[in-house]
Structures are given as structure tokens and as C-alpha cells.
Amino acid sequence: MKIAAGADHGGYAIKEAVVRGLRSQGHEVIDVGTDSAQTSVDYPTFAHRVAALVANGEVERGLLVCGTGLGVCMAANRHRGVRAADCLTPHLAEMARRHNDANVLCLGGRLLSEDEAWAITEVWLATPFEGGRHSKRVELIELQEGPA
Ligand code: RB5
């Protein structure tokens, strides 16, 4: 799979660990930064880079990490067609894929160990979207005005 990955300083270490895991499994990763945990940066910068790559179809999925996963998730979800989910557990990652077809995984770099982050990522990669009744609901997400 082709995956874009980004993080702020609070998510840098987990982003590096997960990107290593993804590459070792043969995934192609575009790393949009940041490149250090030492310099404070603004999480929306990296969230928008990743979300834009997902929205324009250059990558199939995105991975975003900040301290909590919350800020990158909010920014990424401003992009049409992006469904970003902040997943603290493998169960949330499974449900985000099965029911919500989440195409961007957000992780809390200050909340998760490397092993926990990788376990969540593996489930998110392996779990298909269920479709069926969930397809219409996912389509409705894009209707900002709500259904008629
Ligand atoms: C940065 O200190 C922190 O605010 C950021 O990583 C993230 O948690 C924001 O949602």
C-alpha cells in the first residue's frame, strides 16, 4: 500500500517507529515530516500535507501522529474525502475501518508505546470496510448540510 505519514514533535518518535514497521512490511511510505522531536512545530502543517495526498489520490492511506492524535485528526478531517480517526486501541482501529472506512489513522504519540501504536496500525491496515449499510452512512458524512 502507498501511505503518507506525518507528525509534529509530540508524535515524531511514534511516527518513526510505525514508518519503520510499514516499510519492513513492504509498504511504500511518503514521509512528510517532521524530522525531529527537538523542534516545536505546528501539527496542522503535517496533517494538511498528509490529508492533501490522500484527498488527491496520490496515496491510499495516511498516518498522522501528534501528542494526542486529536489536533492532526481535526485538521485532516477538513479535507473532502478524508476520514481520519484517532484510535487509542486496536478495537477502535478495527471499527474505524469496518464501519467508517477510515483512510487516515491518527495516533497519540504521548499516549501510546511503540508496541501499542504498531498493534493499532496493524489492525487498521488489515481490516476491510464492511460496506453494506455503512456505505450510505459514509457517503452522508460528505453532505455538510445533512440529508434532505
Ligand atoms: C503539541 O504540544 C500538542 O499540542 C500536539 O502534539 C497535539 O497533541 C495536539 O493535538
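Only the coordinates and a few stated rules stand behind these numbers; no lab work does. Model, not experiment: these values are computed from the prediction. Counting neighbours? That spans all protein chains shown, and the Cβs are built from the backbone with ideal geometry, glycine included.
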Practice problem: List every residue whose amide H lies under 5 Å from the amide H of D86, counting only residues 5 or more places away in sequence or on a different chain, with H placed 1.01 Å from N in the peptide plane. | Solution: C106
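In the neighborhood of V32, defined by Cβ-to-Cβ distances under 14 Å, what is the net charge if each Lys or Arg adds +1 and each Asp or Glu adds -1?
Values: positive: K2, K15, R49, R61; negative: D8, E16, E28, D31, D35, D42, E58.
Charge balance near V32 sits at -3.
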Quiz item: When each pair of different Cα atoms in the chain is counted once in the 1/r mean, what is the Kirkwood radius in angstroms, to one decimal?
Solution: 14.9 Å
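Taking a ≥ b ≥ c as the square roots of the Cα gyration tensor eigenvalues, with a/c under 1.5 meaning rounded and otherwise prolate when a/b beats b/c, else oblate, which class fits region 28-68?
Prolate.
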Practice problem: Positive end of the charge dipole of region 1-125 (Lys, Arg +1 and Asp, Glu -1 on Cβ, about the Cα centre): tell me which of S24, G109, C73 has its Cα farthest that way. | Solution: C73
Quiz item: Among rounded, prolate and oblate, which fits region 20-101 when a ≥ b ≥ c are the square roots of the eigenvalues of its C-alpha gyration tensor, a/c under 1.5 means rounded, and a/b larger than b/c means prolate?
Solution: rounded
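So what is the relative contact order of the chain, in percent, for Cα pairs below 8 Å that sit 6 or more residues apart?
Working: 305 pairs, mean separation 35.7, N = 148.
Reported relative contact order: 24 percent.
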Quiz item: When you count, for each residue, the other Cβ atoms within 10 Å and take the mean per peptide, how do 103-109, 64-70, 86-92, 133-139 rank with the highest first?
Solution: 103-109, 64-70, 86-92, 133-139
Quiz prompt | Rounded if a/c under 1.5, otherwise prolate or oblate - region 1-64, Cα gyration tensor axes | solution = oblate
Self-check item: DSSP-loop GluC sites (Glu not before Pro) across region 99-133, with at most 15 other Cβ within 10 angstrom
Solution: E130
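Where Lys and Arg each count +1 and Asp and Glu each count -1, what net charge lies around G67 among other residues with Cβ under 14 Å from its Cβ? Working shown, then result.
Values: positive: K15, R110; negative: D8, D42, D86.
Around G67, the charge tally is -1.
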Quiz item: For the chain, can you list the cysteines whose C-beta has no other cysteine C-beta under 4.7 Å from it?
Solution: C66, C87
Exercise. Sum up the charges of everything whose Cβ sits under 10 Å from the Cβ of P128, counting Lys and Arg as +1 and Asp and Glu as -1, but leave P128 out.
Key: 0
